[in-house]
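What follows is a short report on a single structure.
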Amino acid sequence: MAYANMYRLDLQDKSAVVTGGASGIGEASARQLAALGAKVVIADLNEELGQQVASDIGGMFVKCDVTSEEDGAAVVMAASEMGPMRALVNSAGIGMAGRTIDRENNPMDLNIFKRVIDINLIGSFNMLRLCASAMAKTDPDADGQKGAIVNMASVAAFDGQIGQNSYSASKGGVVGMTLPIARDLAAAGIRVNTIAPGLIDTPIYGTGEQSDQFKAHLGKSVLFPPRLGSGDELASMVVELITNPYMNAETIRVDGGIRMPPK
């Protein structure tokens with residue numbers, strides 16, 4: 001146990017970036033990283049929520065479109081000024097449903113597909129490459145580590161449902177790039193892992209009695225426990241993947257055992 005603790009990635013007074021950190025899994029991850037002593041940059045488009053989270057955890061908010069090289073560079077600069085960058089959590093993403101052809105046999109709007117790929121896949125890589133460059137320029141710890149990256153995919157990468165073609169493709173791309181990027185960054189002392197969440201209770205489902213009933217219905221399809229997962233449960237895995245020095249090049253489902261049906 002002492003050996004394991006000795007080589008865990010130390011986040012005390014180091015900087016971390018969380019995209020999509022204003023809410024949901026990103027927010028939960030930012031709060032848990034801050035609890036470990038990290039100085040967290042919340043990179044999000046929602047200024048009101050992002051500023052609030054950053055204020056709560058003693059971090060910084062930077063408005064960021066993850067597909068923008070300029071916005072990404074501003075995030076990296078802000079983080080590097082707070083301390084050596086040690087972690088990135090790629091949590092920003094969107095989902096837009098659409099069948100390949102509709103009931104009248106009209107083709108799906110190609111712009112929908114492009115937009116989801118642009119944000120979920122290209123946006124993730126954009127932030128990853130920029131943050132990895134900053135990490136690589138820091139001094140390594142005693143185990144040779146300079147940083148760790150956690151990407152957020154989805155079980156839709158494996159169990160994509162009807163209407164999820166763009167979302168599943170984007171998340172499948174995130175899964176597919178995990179190993180080659182981990183191999184790319186090994187020489188720089190940077191680890192890369194991906195989480196594939198299942199049904200997680202985030203603001204996307206709304207609030208109120210009707211929302212609660214819908215979420216309870218969804219939860220019945222989870223193997224065990226038969227409920228939606230929480231942001232904190234996902235964030236716990238994020239923290240483990242960042243701090244555990246022997247976790248690398250892996251995609252882990254955190255889904256209560258669910259296997260999504262066609263619809």
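Details
- Dimensionless Rg over Rh [segment 1-102; C-alpha; Kirkwood]: 1.08
- Amide H contacts of PHE61 (H built 1.01 Å from N, under 5 Å, at least 5 apart or other chain): ILE42
- Taking amide hydrogens as placed 1.01 Å from N in the peptide plane, the amide H of MET96 sits under 5 Å from those of TYR167, each at least 5 positions away in sequence or on another chain.
- Degrees separating the helix 24-35 axis from the principal Cα axis of the chain, which is the longest one: 20
- Spacing of the two label points (7 Å from each Cα toward its C-beta) at PHE214 and SER68, in nm: 3.0
- Given their separation in residues at 0.36 nm each and the Cα-Cα distance between them, ASP184 and ARG115 gain 22.1 nm when the chain is fully extended.
- In terms of surrounding Cβ atoms within a 10 Å radius of their Cβ, THR100, THR138 rank from fewest to most as THR100, THR138.
- DSSP beta bridges in segment 2-253 [antiparallel fraction, %, rounded to 5]: 5
- Fewest-first ordering of LYS114, LYS146 by other beta carbons within 10 Å of each residue's beta carbon gives LYS114, LYS146.
- Charge dipole (debye, nearest 20) of the chain; +1 at Cβ of Lys and Arg, -1 at Cβ of Asp and Glu: 680
- Within segment 83-221, percent of DSSP bridges classed antiparallel, to nearest 5: 10
- Degrees separating the helix 47-57 axis from the principal Cα axis of the chain, which is the longest one: 40
- FRET efficiency, MET6 to ILE252 (Cβ-Cβ, R0 30 Å, nearest 0.05): 0.80
- Computed over the chain, the P(r) curve from all C-alpha pair distances, binned at 10 Å from the origin, holds 7, 30, 36, 19, 6, 1, 0 percent per bin.
- Built amide H within the under 5 Å cut-off of ALA249, gap 5+: VAL192, ASN193
- Once the gyration tensor of the Cα atoms in segment 162-263 is diagonalised, the equivalent ellipsoid follows with semi-axes of 29, 16, 11 Å, ordered largest first.
- Ellipticity estimate at 222 nm from DSSP helix runs (n ≥ 4, -39,500 (n - 2.57)) divided over the chain, nearest 500: -13500 deg cm²/dmol
- In order through segment 211-219: 3J(HN,Hα) via Karplus (6.51 cos²θ - 1.76 cosθ + 1.60), integer Hz, x for Gly, Pro: 5, 4, 5, 5, 5, 5, 5, 4, x
- Mean projection area, nm², convex hull over Cα of segment 1-59: 4.0
- Ordered by the count of other Cβ atoms within 10 Å of each Cβ, fewest first, PHE61, PHE158 give PHE158, PHE61.
Since every read-out is calculated from the coordinates, none of them should be taken as a lab result. None of these values were measured; they are calculated from a predicted model. FYI the Cβ positions are ideal-geometry reconstructions off the backbone, even for glycines, and counts take in every protein chain you see.
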